[in-house]
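Data block below; observations after.
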DNA sequence: TTTTTTATTGAACGTTCAATTAACAAAAAT
DNA sequence: ATTTTTGTTAATTGAACGTTCAATAAAAAA
């Protein structure tokens, strides 16, 4: 100490600890003491690195969003067909459930809070629109523009609905797999219904 | 004072004030001071009538649930067909958006908190299962049992997904009507797909 | 008329919380 | 060798929170 270059390390530790705390206690009961304990650090360090609790919360949401985006990007290649891309979108959305079960539980907390927090709401809109436009972009290669928009809206709603119900019922991994299967099925039925 | 029989009056006032406060500030920032101010009463009265803040929160959720149930019951007659019943279920779910816009904003807060609160979670499960079984019961009169369960799950997810996306995007009433229309359309397509 | 009941308030209280900061230590820079 | 920088902690602070409760008032009951 000082071991120069600790900032990104500590920031990530705190973000990870935040995710863990929100998953376990909920956003409301997540205090900086709980976060710092999980990170094995002192509470003062949150103010130091993130200017306070709110900064840490926002950074955590941004981290989760960039993770979701990364999962999707990793599966895409130049030869990916529209159908495959749609399936990848679904996998990306449900894979976060399977691979990061703690992350799952935190989304609901953040979105609920986003209704009353300007910055979080802005991030949520980005997220929601990204899902919609990813879906619409792929559907557009399979059907007319208007139909693609409708299909994207319905598909996004189905994804979110299946996700919400699975999360709220505290389902296990089998249920999430089933939801992924159902969502993929629904994509196929949309393609059949509206496809050229 | 004492004007005998004030308990139910005051309880309802506090419940209404809670809904208003949660809609405006979110559950996390809803304090008993905020609630009592909106109700025009003192904060001590919350402890008196509900044994504390937690009791008031739970009573509020129960009130919202019973409201939802009532809206549905009001539309049913002995001659209601299964199709009509399905449409009524959808209207009941989306009508709470149109008629009680403050109520809408509070659901997300409550369900998010339900992940970390035993009693709220129990109530949420009741709510979720009620929607599913209402849908399944009607679908069963139109198709095989297995197909009815699947249709009910998909339909419930679509309803919840459309609702979630509309709420999170802070949509206006036109969007909610559109969601109701889309959900009804989806019910029809499910009947066509799986119906006998 | 007196006592009890109902209803309500607002202050006091202990606890919790996020933010601040003095202090310290060690590595890096001068 | 000295100074600066980086990193971190523990202690402190003041505000906010929910709960408790003594006190009060008026209606109802005896």
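The values are calculated or read from the model by the stated rules, or taken from the named source; none is laboratory data. The structure presented is a predicted model; accordingly, all values stated were derived computationally and were not measured. So basically every Cβ, Gly included, is an ideal-geometry build from the backbone, and we count neighbours across all protein chains shown.
Only one entry in A:57, A:90 is out of contact with any helix residue (DSSP H, G or I) (no Cβ under 6 Å at 6 or more places or on another chain) and either under 26 Å from residue B:106 (Cα atoms) or within 14 Å of another protein chain (Cβ to nearest Cβ) (or both), namely A:57.
Screening the range A:143-163 for residues that are surrounded by fewer than 22 Cβ atoms within 10 Å (Cβ to Cβ) and free of Cβ contacts under 8 Å to residues at least 12 places away in the same chain and picking the one that is nearest to the other protein chains (Cβ to nearest Cβ) gives A:146. Scanning the range B:19-39 turns up one or more residues that are part of a helix (DSSP H, G or I), over 21 Å from residue B:103 (Cβ atoms), at pLDDT 90 or above and away from chain A (no Cβ under 14 Å). Residues that are more than 10 Å from every other protein chain (Cβ to nearest Cβ), crowded, with 16+ Cβ neighbours inside 10 Å, under 17 Å from the mean Cα position of the chain (by Cα) and assigned to a helix (DSSP H, G or I) do occur in the range B:179-192. Criterion first (without any contact (Cβ under 8 Å) to a residue 40 or more places away in the chain and away from DNA strand D (no atom under 16 Å from the Cβ)) does residue B:77 satisfy it? Yes.
Taken together, A:57, A:45 contain a single residue that is more than 16 Å from DNA strand D (Cβ to nearest atom) and part of a helix (DSSP H, G or I), which is A:57.
Residues checked against (1) crowded, with 21+ Cβ neighbours inside 10 Å; (2) in contact (Cβ under 8 Å) with a residue 40 or more places away in the chain:
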| residue | (1), (2) |
| --- | --- |
| A:86 | yes, yes |
| A:107 | yes, yes |
| A:124 | yes, no |
| A:130 | no, yes |
| A:139 | yes, yes |
| A:165 | yes, no |
| A:170 | no, no |
| A:173 | no, yes |
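Taken together, the residues in the range A:175-196 that are closer than 27 Å to residue B:129 by Cβ and free of Cβ contacts under 8 Å to residues at least 60 places away in the same chain amount to 7. Residue under question is residue B:64, and the condition is that it be under 23 Å from the mean Cα position of the chain (by Cα), away from DNA strand C (no atom under 12 Å from the Cβ), within 23 Å of residue B:127 (Cα to Cα) and not in a helix (DSSP H, G or I); does it hold? No.
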